[in-house]
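Each remark here refers to the structure printed beneath this line.
The values are calculated or read from the model by the stated rules, or taken from the named source; none is laboratory data. A quick note: this is a predicted structure, and the numbers were derived from the prediction, not measured. Don't worry about glycine lacking a Cβ; one is built from the backbone with ideal geometry, like all the others, and counts go over all protein chains shown. Areas reflect the complete protein model, heavy atoms only, side chains present, ligands, DNA and RNA absent. Shrake-Rupley method; radii C 1.70, N 1.55, O 1.52, S 1.80 Å.
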Amino acid sequence: MVLIVCTDDKNGMMFNNRRQSRDALVIADLIQIVGQNKLYCSEYTAKLFDDFDFTPQICENFNNLSDSSYVFIENPDDIPQDITKIIKYLWNRHYPSDKKFNINGFKLESSCEFSGKSHEKITREIYIKC
């Protein structure tokens with residue numbers, strides 16, 4: 001399973017049950033990476049795709065998906081068990097957060113930077129299971 005997350009520079013993901021930030025070019029990049037595959041996310045996260053010609057699959061239990069599924073998580077409480085790859089977008093800023101992304105057993109495979117719509121620099125890191 002491929003896990004997709006967005007974090008600040010201290011691995012923060014949420015504050016007061018809300019996403020820290022959003023960026024349209026991150027969503028466009030994510031859609032390009034997913035391609036013709038299905039992308040699963042919560043109803044809350046699906047709203048990020050409203051301005052795009054892309055419809056994610058709403059799902060509330062990500063542990064029952066296949067190994068080849070793409071899952072976009074904004075709440076670290078929802079992280080599924082069988083992750084083989086992580087695509088992590090970093091805002092390169094520090095926002096207030098009360099929920100953090102923590103996962104071990106992965107190594108950095110690649111990294112690239114691009115300009116976002118609302119963020120001057122966004123970093124996309126891809127991790128694979130050790």
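To the nearest 500 deg cm²/dmol, what mean residue ellipticity at 222 nm is calculated for the chain from DSSP H runs of n ≥ 4 alone, each contributing -39,500 (n - 2.57), summed and divided by the residues? Walk me through the intermediate numbers first.
On the way: 2 runs with 15 residues, N = 130.
For the chain, the value works out to -3000 deg cm²/dmol.
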Checklist entry - Protein chains only, probe 1.4 Å: how do 120, 125, 60 rank by accessible area, largest first? => result 120, 60, 125
Checklist entry - Which of 102, 119, 87 sits farthest toward the positive end of the charge dipole of the stretch 66-130, with +1 on the Cβ of Lys and Arg and -1 on the Cβ of Asp and Glu? => result 119
Checklist entry - Hey, if we sort 112, 130, 59 by accessible area with the 1.4 Å probe, largest down, what's the order? => result 130, 112, 59
Checklist entry - Candidates (i) 7.3; (ii) 17.9; (iii) 12.7; which is the computed mean projected area of the Cα convex hull in nm²? => result (i)
Checklist entry - Using a 1.4 Å probe on the protein chains only, how many percent of the accessible area of the chain belongs to carbon and sulfur? => result 42
Checklist entry - Ordered by residue, what ³J(HN,Hα) values in Hz, to whole numbers, does the stretch 38-53 give under the Karplus form 6.51 cos²θ - 1.76 cosθ + 1.60, where θ = phi - 60° and Gly and Pro are x? => result 7, 10, 9, 7, 6, 4, 4, 6, 4, 5, 5, 9, 4, 8, 10, 8
Checklist entry - Once phi is turned into θ = phi - 60°, what whole-Hz ³J(HN,Hα) does the Karplus curve with 6.51, -1.76 and 1.60 give for every residue of the stretch 107-116, x standing for Gly and Pro? => result 10, 5, 9, 7, 8, 8, 10, 8, 7, x
Checklist entry - Can you list residues whose amide H is under 5 Å from residue 100's amide H, if they're 5+ apart or on another chain and H is modeled 1.01 Å from N? => result 13
Item to check | Most positive-pole-ward Cα, 71, 12, 58, against dipole of the chain from beta carbon charges | outcome: 12
Checklist entry - Rule-of-thumb check for the stretch 1-71: C-alpha Rg over 2.2 N^0.38 Å? => result 1.10
Next on the checklist: Can you work out the Karplus-derived ³J(HN,Hα) for every residue in the stretch 12-24? Use 6.51 cos²θ - 1.76 cosθ + 1.60 with θ = phi - 60°, whole Hz, and x for glycine or proline.
Outcome noted: x, 10, 9, 9, 6, 6, 10, 5, 6, 7, 8, 8, 4
Checklist entry - How far is it, in nm, from the label point at residue 53 to the one at residue 9 when both lie 7 Å from their Cα along the line to the Cβ? => result 3.8
Item to check | 14 Å cut-off, amide nitrogen to a point 7 angstrom out along residue 67 Cα→Cβ, residues in the stretch 1-22 | outcome: 1-2
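Taking the Cα centre as origin and putting +1 on Lys and Arg beta-carbons and -1 on Asp and Glu beta-carbons, what dipole magnitude results for the chain, to the nearest 20 debye?
The calculation lands at about 300 debye.
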